[in-house]
């Protein structure tokens, strides 16, 4: 059946209603709704795969065949021709699962909005394929298909092209079924929202109904205009404006006449009748409206402003009184897309026969040319080099994906477009693709973009009589890049987030690696730049920059990459990202990522790499040889090219990886320069010793203190100069004072990270006075919330430094000071390593007057232990390790029935002579008080803790509780068990709400049926009982610690605590008789 109707008659509403009805009766096979204002739904690429996916869910006999095809094609089927998709995903599965004489399940397929597909030829193909499927030769009598669209000629021609299939088609026209009573009911309901109906006479209402004709969109727009107009306009005045529209009524030649007059009235009401078409204000008005209705994917006001170079306020002013025809977000919302309510508005504005007022007519071809030019300007001048600000990402993603779409709609006579596309393809195509695949997260939209550009250039070539060599060359380039890119994308599995383009745009990364501050690291940067560009130098081709963690290697690598990128010599930049202590990058994936970068840097290297990929069959060293070594050697570049690799130690096979690069530089490769940064790990040091003399070295840890301090001074001066815009500050030469600045430098202890956080604190936009902020920072005077902005920044900077995170977590959680030896014992670190880490975590952790580490401010504890705040260490590797260590300490030292804890003050001296008992004692006290604070709230990490935690509950719970009671820490014990119970319930809820488990019940028996984790269920059961045991008896435990054992015997026999500990409790009580413990009052003085 073909359901056709004019725009605005409610076709899609009918289709959705029928889909809901069919779904309720269990015979909706699939529904698909095209939409021109949604990128994915305006193309034909997804319609067949979506229908096939729905069919696999509807009829399980089809599922195996459909998914087999999906897997065989590795999801590339989404980008194949519609005919191939249909054959593989619908026709063949239906044929292969057909069983003679067995009737199949009746199903309905609905495809709505065929006229909104941007490729009419594909629409004709889809219609032909489904009609052919319904022909008698295919025996699919169980399928019914409902097609819904406007009565467009190409759709009608496709449906009735085959006379033999005409009897299969039933056509219904929506207008034949629309009754004025439907419109009337819709209007009455809508108008009732504006208060009582006595303000509207019956005659006015009838006139309004008549104006709507058979178009629901007219009625909807009227309601929006009356209810959402100017602030000073009443609904009555809005109705008067609508009633004043003098329209000749709709006709077969002009079916949308009334709707067009309504749109024109609303536009005139927004700008006023006196506006001139040639005025700057009206030109801006048309540019803004034209962009909104013609963009491929809707944008918010922020990205729109950057795309068309108009102030955000100008866009808001334009949209202010157009709420009845546009979906306009709140003014403070810059990201939510601006959309038109109905596609008929776009049709009206871009059709000069319908929009007869030149003030509002959008010349679509010229506007498309403008948008194409703006797209290329944005990605060329703001995207292909330098740092990409976060606010630019949405518009950058749009222009990178859709410049080809706008180009395809530009007239072939547009000389500027010809010049621009020639420049883009010749000079920027590879670099655009390299950057765009990162910022868009996929290559597939880029293939579509290049295909659109190819179509446009093809038409230009045909127009020239196929003799213009310029277009022939551009076509060749586009075809080559398109084919080779599809080949590489189909083979390579990459670490997109590790590339230089991802680093400079923060795509796929938590943080953007910072380059060196202006005026800092000048000596080392100069040395590297001279090495990279001096072809006559006898220096090695490899420059190895190494140093300890957080010594500035990545900042230097980023600075060099930015410099090389601007000079056009950066063939690849790879910045290792490692977010987990147990995770490092596989070498083969790193090789593939670098190879893809090389292929997108130079056509000669691209040719070698694509040729190797097409041959395939290589791994390991062979992979490196074919994808990196050979392309670099055969590059046509006549100037030095630089490869930057930061953080080599994070590669799984770091030593082998480094060796491979050293080997390729043994032959004459004087044009190749490779800069690597790494920590001096044992395996890397062994490689460097083996190949001594083949690389140039620089150790950042050996830089003299006076040079580092000079850089710190430059960093602070540069940062404070940017802060100086605050109104309350004196002149720049008067602030900061010499003494304040000297104090800032002295307190930095030559730490760039200190300088970074100091500048962040001083320049906090929430603070009224930077001068006061500076004094507070230097004096260590902080308000409760003054440091809160520093914590997320510090955590992001330290995301991969797990030792740093563990030290901070343990120090921050403890309410009692810990000596260095006690802290080292808890973390199982030697003192030298701990002192190194403390230097790295400064100033978030500082040393107090007693020499003990402490947080910069008490608010750090609350921040880190708040499991709902953004960014804290909340259940990942660090907490798992800290929790496990606490449990280990308790297992090791709670080895008697009456354990004692040291007092709360750790006065041990940080010297080797201090006895082991003192260290262990304060470690035990910490473990007993804070183990629950470290429970990992991430389900994956919690699994590692579960077994040891269960063992603690089953074997050491009473000893722990006795020790806590003895030292008047019962409230801490109760708090720990409460945290543990919340933790377990959160874990349980997380599992129970997963798609694998459907039972919803709190009973233990039900949980046992739900979860495949008996140990976890046992832990939950024990925790519930143990928490209740402490809550019911905490007063008795606080007064008489021995009651910890006595009260076990008072528990009901069904109690898990009693079942586990009854025998042990009796034994302890027996052994306490005759000692000073039998009165339960023994406590340390």
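Quick note: the coordinates plus some simple rules give every number you see, no bench work behind them. Since the structure is predicted, the reported quantities are computational estimates derived from the model, not experimental observations. Positions of Cβ are generated from backbone atoms using ideal geometry, with glycine treated the same way; all protein chains shown enter the neighbour counts.
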Quiz item: Taking the Cα atoms only, what angle lies between the long axis of helix 180-191 and the longest principal axis of the chain, rounded to 10 degrees?
Solution: 40 degrees
Quiz item: How large is the helix-only mean residue ellipticity at 222 nm for the chain, computed as the sum of -39500 (n - 2.57) over DSSP H runs with n ≥ 4, divided by its residue count, in deg cm²/dmol to the nearest 500?
Solution: -16500 deg cm²/dmol
Quiz item: Can you sort 830, 162 so the residue with the fewest Cβ neighbours within 10 Å comes first?
Solution: 830, 162
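Which order, highest average first, do 264-273, 341-350 follow once you tally other Cβ atoms within 10 Å for each residue and take the mean per peptide?
Numbers: 264-273: 16.8, 341-350: 20.8.
Result, highest mean first: 341-350, 264-273.
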Quiz item: Where does helix 916-930 land angle-wise versus the long Cα axis of the chain, in degrees 0 to 90, nearest 10?
Solution: 40 degrees
Quiz item: Which of 644, 945, 713 comes first, and how do the rest follow, when ranked by fewest Cβ neighbours within 10 Å?
Solution: 713, 945, 644
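Please compute the length gained on full extension between residue 105 and residue 633, using 0.36 nm multiplied by the number of residues separating them and subtracting their Cα-Cα distance.
Gain on stretching residue 105 to residue 633: 183.8 nm.
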Exercise. Please figure out what share of the DSSP beta bridges in the chain is antiparallel and state it in percent, rounded to the nearest 5.
Key: 15 percent
Quiz prompt | Where only C-alpha atoms are counted, convex hull volume of region 633-785 per residue in Å³ | solution = 199 Å³
Quiz item: For the chain, what is the relative contact order in percent, using Cα pairs closer than 8 Å and at least 6 residues apart in sequence?
Solution: 6 percent
Quiz item: Given 0.36 nm per residue, what is the gain on full extension from residue 526 to residue 472 after removing their alpha carbon distance, in nm?
Solution: 15.0 nm
Quiz item: For P(r) over Cα pairs in 10 Å bins from 0, in percent, the listed values are [x] 2, 8, 13, 16, 17, 17, 14, 9, 4, 1, 0, 0; [y] 1, 6, 7, 6, 6, 7, 7, 6, 7, 8, 8, 8, 7, 7, 5, 3, 2, 1, 0, 0; [z] 2, 7, 12, 15, 15, 12, 11, 9, 7, 5, 3, 1, 0, 0; which was obtained by calculation from the structure presented?
Solution: [x]
Quiz item: How high is the relative contact order of region 109-207, given as a whole-number percent (alpha carbon pairs under 8 Å, six or more residues apart)?
Solution: 29 percent
Quiz item: Over region 1-127, what relative contact order in percent results from Cα pairs under 8 Å that are six or more residues apart?
Solution: 37 percent
Practice problem: State the extension gain, in nm to one decimal, for the chain segment bounded by residue 135 and residue 188, taking 0.36 nm per residue of separation less the distance between their alpha-carbons. | Solution: 14.5 nm
Quiz item: Hey, fewest Cβ within 10 Å first, where do 878, 401, 312, 335 land in order?
Solution: 335, 312, 401, 878
Quiz item: What's the FRET efficiency of residue 833 with residue 721 using the Cβ-Cβ distance as r and R₀ = 41 Å, to the nearest 0.05?
Solution: 0.65
Practice problem: May I ask for the angle, rounded to the nearest 10°, between helix 364-378 and the longest principal axis of the chain, with both axes built from Cα atoms and the value confined to 0 to 90°? | Solution: 20 degrees
